[in-house]
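The values are calculated or read from the model by the stated rules, or taken from the named source; none is laboratory data. Here the structure is a predicted model, which means the values were calculated and not measured. All Cβ positions, glycine included, derive from the backbone under ideal geometry; neighbour counts span all protein chains shown. The area values use the complete protein model at the heavy-atom level, side chains included, leaving out ligands, DNA and RNA. Shrake-Rupley method; radii C 1.70, N 1.55, O 1.52, S 1.80 Å.
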Amino acid sequence: MEREISSFINYLRHVKKLSENTQKSYYRDLERFAAYMKISKGIEDIRIVSNEMLEDYFSYLRRNGYKDTSISRSIASLKAFYHFLKKEGVIVEDLSADLKAPKIEKQEVEVLTAYEVSLLLDQPKKNKPKGIRDRAMLELLYATGIKVSELIHLKVRDVNLYMGYIVVQAEHRERMIPFGTAARNALLIYLEESRDLLLKGNISVYLFVNVSGTPMSRQGFWKLLRYYGQKAGIHKTITPYTIRHSFAMHLVENGADIKSLQEMLGHSDVSITQRYTKQKQNELQDVYAKTHPRG
């Protein structure tokens, strides 16, 4: 099965041109599936896998505590894999066609208040190179609502300080996102006072680098974000997506139109963006019901 998985990943990379993170996600799901079939069923040929074996695999995932979101993603990965194999003539029947993803309850997006955002952004030390970098990263993340993968892959050339915007290289297109004075000032200080000290004579095209002069990792940024959230005394789970959601909700609260928000967030479907306006409507209805005399 290793050969088929490798061919599929190459297809995702060179034909579909999916991001490296997406490729890794597919690879992990399929490697887990292949390992289960080899160890539990003694099967290494995808053509021998049966419907019953697929059911056994997902039962195994549930027994071992995998969440519905992980199982749903694994099903999506297998469906894409089987579809590719059938198109390539490796298999005759697509057994994944009958797989049903578990229903996942949509949770309301958790956001920070403007005050909590200010608290968070004030945590990095302004007299240390690392703190100056962290402040610039946090300011830019909140100012633009970009994903953490987009943040850490920004290059110096992607930032226009004079005009106040960044260029994000998405999978199939690029988008320009404006940022304000606070982010601009933080970036200026970082570029003038901190970045060269962190690089220690090395050269990097990436905007944000760590203390060894290499690009910041996703895990590294998640850790520092969690650290600053705890330091600020914010009793919410803070992730890069929390900042992204807060950016979107705060724009909606201040009158941003849905098409502009869709463009900045990079959503391909406006229905994804509309959840922010729906959440705001729900909040207003709750306030009305609790406070109006005839609510």
* To do: Enumerate the whole-percent occupancy of each 10 Å bin, from 0 to the last occupied one, for all C-alpha pair distances of the range 1-52.
  => 24, 49, 24, 4
* Loop sites only, by DSSP: take the trypsin sites (Lys or Arg not before Pro) in the chain that have at most 16 other C-beta atoms within 10 Å and name the longest stretch containing none of them. => 237-293
* Computed log₁₀ I(q)/I(0) - Debye formula, equal Cα scatterers, no solvent, the range 1-146, q 0.09, 0.12, 0.15 Å⁻¹ -> -0.46, -0.67, -0.83
* Neighbour-limited loop hits for GluC sites (Glu not before Pro), the range 27-74 (at most 16 other Cβ within 10 Å; DSSP other than H, G, I, E, B) -> Glu44
* To do: Any chance you could give the angle, 0 to 90 degrees and rounded to 10, that helix 129-144 forms with the longest Cα principal axis of the chain?
  => 80
* To do: Please express the Cα-Cα pair-distance distribution P(r) of the range 192-265 as a list of whole percents, one per 10 Å bin, running from 0 to the bin with the greatest distance.
  => 16, 30, 32, 20, 2
* To do: Considering Cα pairs under 8 angstrom that are at least six residues apart, work out the relative contact order of the chain and quote it in whole percent.
  => 16
* To do: Would you mind working out the accessible area per residue for the chain, using a 1.4 Å probe, and quoting it in Å²?
  => 58
* Asked: Please identify the GluC sites (Glu not before Pro) of the range 94-159 that satisfy two criteria: DSSP loop assignment and at most 12 other Cβ atoms within 10 Å. Which are they?
  -> Glu105, Glu108
* At q = 0.12, 0.13, 0.15 Å⁻¹, work out log10 I(q)/I(0) for the chain with the Debye formula, treating every Cα as an identical point scatterer and leaving solvent out; two decimals please. => -0.95, -1.05, -1.20
* Size of the range 34-84 along its principal axes in angstrom, Cα-based, largest extent first? -> 27, 25, 17
* Asked: List the lysines whose alpha-carbon lies under 21 Å from that of Lys103, not counting same-chain residues fewer than 8 positions away?
  -> Lys67, Lys79, Lys278
* What angle, in degrees between 0 and 90 and rounded to the nearest 10, separates the Cα long axis of helix 270-291 from the longest principal axis of the Cα atoms of the chain? -> 60
* Exposed-site-free run, longest, the chain (rule: chymotrypsin sites (Phe, Trp or Tyr not before Pro); DSSP loop; at most 16 other C-beta within 10 Å) -> 163-295
* Asked: When we measure straight from the Cα of Lys128, which aspartates and glutamates land under 16 angstrom away, once same-chain ones fewer than 8 places off are left out?
  -> Glu192, Glu193, Asp196
* Structure fact -> Links exceeding 21 Å between C-alpha atoms in this model, out of Lys16/Lys155; Lys17/Lys87; Lys24/Lys231; Lys126/Lys223; Lys126/Lys147, come to Lys16/Lys155; Lys24/Lys231; Lys126/Lys147
* Asked: For the range 108-224, what is the convex hull volume of the alpha-carbon atoms per residue, in Å³?
  -> 119
* Structure fact -> In whole percent, the fraction of accessible protein surface over the chain that belongs to carbon or sulfur atoms, probe radius 1.4 Å, stands at 50
* Working from Cα positions, state the angle (0 to 90°, nearest 10) between the long axis of helix 51-63 and the longest principal axis of the chain. => 40
* To do: Using a Gaussian network model of the chain whose springs link C-alpha atoms within less than 10 Å, name the residue from Ile166, Ile243, Ile234 with the highest mean-square fluctuation.
  => Ile234
